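Asks: Mind looking over this structure? Questions follow.
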Amino acid sequence: MITTRRTVLGAAATALLLPVAACSGRSRDEVQHIAIVSKGFQQQFWQAVKQGADAEAEAQGVVLTFEGPPTESDIEAQITMLQNTVTREPDGLAIAALDSRAAAPSLEEAQAKGIPVVAFDSGVESDIPVSTVATDNAAAAREAGKHMVELVGGEGKVAVVAHDQVSQSGTDRRDGFIAGIEEFGPDIELLPVQYGEGDQAKSADIARSMISANPDLKGLFGTNEGSAIGVLRGVQESGRHDLAVVGFDSGRAQVEAISEGEMAGGVTQNPVAMGRITVQTVLATIRGEETEPTIDTGFFWYDSDNIDSDEIQEAIYL
């Protein structure tokens, strides 16, 4: 069993420290500390993950710090946060890596210090994490590909604007969507994948360029919240109202676009559950309990037909 260490929590502008010690009457040194390093704070998805993690940490009586870089393209900032977190020696660590290879040295240091590590949202190219808590991104994106085939009638050109090509979630969603198109729409022509770093403005520029260069384009897929909204903006600015737009995630702008018929549909994860299960899994590793190597937090296809159902309303993050 892993012994809980006394920890000193460093201050971080982006970190949340729950006042558990004050509420319980225990000193901070007597409370277990779980550190979570996410991919960012700029999207509603991460706020929803944080919401679930906060609630579970409070219920379990542990201290939680949750931080992430300003944008999902800022790999260096995330690695710095990860390194600083390991230096503080929390009792357990969860990481959603922007670049799985770049995170490896810090994870090796965590292992050397006896800090159990759980990956969430994206796996890492390492056997150090005892478990990965994540959506089956490949399966979810394959579902998006299946629906895209139906939307474009099984033929024509389809484009993908991905958020990155270095995180496992990014590559899984890209490859899963392509697999879905190839399986269900073999007559569809997939344009070369473009990358917008999850940035709405960059993704919109890419979408406009692809539409301009391919007047016979029939559909576009954005692999995360920023990509999807950027694609939609590019479509709107191009004046093409006949294009099928499919996204991944379910922030407020996406939900409104689907409700209003501007976006055909999307795949939503369950980020609140992801945050909650991540904290549960880290605590289990601290106690020396066995955990599953991969914990699937689920996904749903949603569109104007089912967006008001209880199942979807519980999963979307507004």
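Asks: Describe numerically, in nm with one decimal, the distance between label points set 7 Å from Cα along Cα→Cβ at residue 289 and at residue 308.
Replies: Taking the simple label geometry, residue 289 and residue 308 are separated by 4.0 nm.
Asks: Please report, for the Cα atoms of region 134-175, the Rg to one decimal and the Dmax as a whole number; what are they, in angstrom?
Replies: 11.2, 33
Asks: When the accessible area of region 177-242 is split by element with a 1.4 Å probe, what percent falls to carbon and sulfur?
Replies: 47
Asks: Using packing as a proxy for protection, rank 232-240, 129-137, 164-172 so that the peptide with the highest average count of other Cβ atoms within 10 Å comes first. All intermediate terms of the calculation are to be shown ahead of the outcome.
Replies: Values: 232-240: 18.9, 129-137: 23.6, 164-172: 20.8.
So the order, starting with the most tightly packed, is 129-137, 164-172, 232-240.
Asks: Please work out the FRET efficiency for the pair residue 242 and residue 112, using the Cβ-Cβ distance as r and a Förster radius of 51 Å; give the result to the nearest 0.05. Intermediate results must be reported in sequence, preceding the final value.
Replies: On the way: r = 57 Å, r/R0 = 1.11.
Approximately 0.35, to the nearest 0.05.
Asks: Could I ask something else about it? Using the heavy atoms of the protein chains alone and a 1.4 angstrom probe, what is the accessible area of the chain per residue in square angstrom?
Replies: 41
Asks: Between residue 55 and residue 193, what is the FRET efficiency for a Förster distance of 22 Å, r being their Cβ-Cβ separation, to the nearest 0.05? Let's see the in-between values first.
Replies: Details: r = 37 Å, r/R0 = 1.66.
My answer for the efficiency is 0.05.
Asks: With both partners inside the chain, how many of the DSSP beta bridges are antiparallel, as a percent to the nearest 5? Walk me through the numbers before you get to the answer.
Replies: Values: 3 of 38 bridges.
Of the beta bridges lying entirely in the chain, close to 10 percent run antiparallel.
Asks: Between residue 47 and residue 182, what length in nm is gained on full extension when 0.36 nm per residue of separation is reduced by their alpha carbon distance?
Replies: So the chain would gain 45.2 nm between residue 47 and residue 182.
Asks: Please report how far the C-alpha centroid of region 160-184 lies from that of region 214-278, rounded to the nearest whole angstrom.
Replies: 15
Asks: A follow-up question, please. Amide H neighbours of residue 92 under 5 Å, counting only residues 5+ apart in sequence or on other chains, H built in-plane at 1.01 Å?
Replies: Here 33, 35 satisfy the definition.
Asks: While we're on this one: A 27 angstrom limit on the alpha carbon distance is what I want to check against. Which of 157/202; 50/218; 39/113 exceed it? Each step should come with its number before you reach the end.
Replies: Working: 157/202 21 Å; 50/218 36 Å; 39/113 23 Å.
Too far apart for the 27 Å limit: 50/218.
Asks: Of the peptides 33-41, 288-296, how do they stack up when ordered by the mean number of other Cβ atoms within 10 Å, highest first?
Replies: 33-41, 288-296
Asks: Based on DSSP H assignment, which helices of the chain show an axial Cα extent of at least 15 Å together with a mean Kyte-Doolittle hydropathy greater than or equal to -1.0?
Replies: Numbers: long enough: 44-60 (24 Å, -0.81); 75-88 (20 Å, 0.01); 100-112 (18 Å, -0.42); 137-151 (21 Å, -0.24); 168-184 (23 Å, -0.75); 200-213 (20 Å, 0.02); 225-238 (20 Å, 0.05); 271-286 (23 Å, 1.17).
Span-like helices here: 44-60, 75-88, 100-112, 137-151, 168-184, 200-213, 225-238, 271-286.
Asks: Could you give the length gained by full extension between residue 213 and residue 262, i.e. 0.36 nm per residue of separation minus their alpha carbon distance, to one decimal place?
Replies: 15.5 nm
The values are calculated or read from the model by the stated rules, or taken from the named source; none is laboratory data. Every value quoted in this text rests on a predicted model; they were computed, and no experiment measured them. All Cβ positions, even for glycine, are placed from backbone atoms using ideal geometry, and neighbour counts span all protein chains on display. SASA here: full protein model, heavy atoms, side chains in, ligands and nucleic acids out. Shrake-Rupley method; radii C 1.70, N 1.55, O 1.52, S 1.80 Å.
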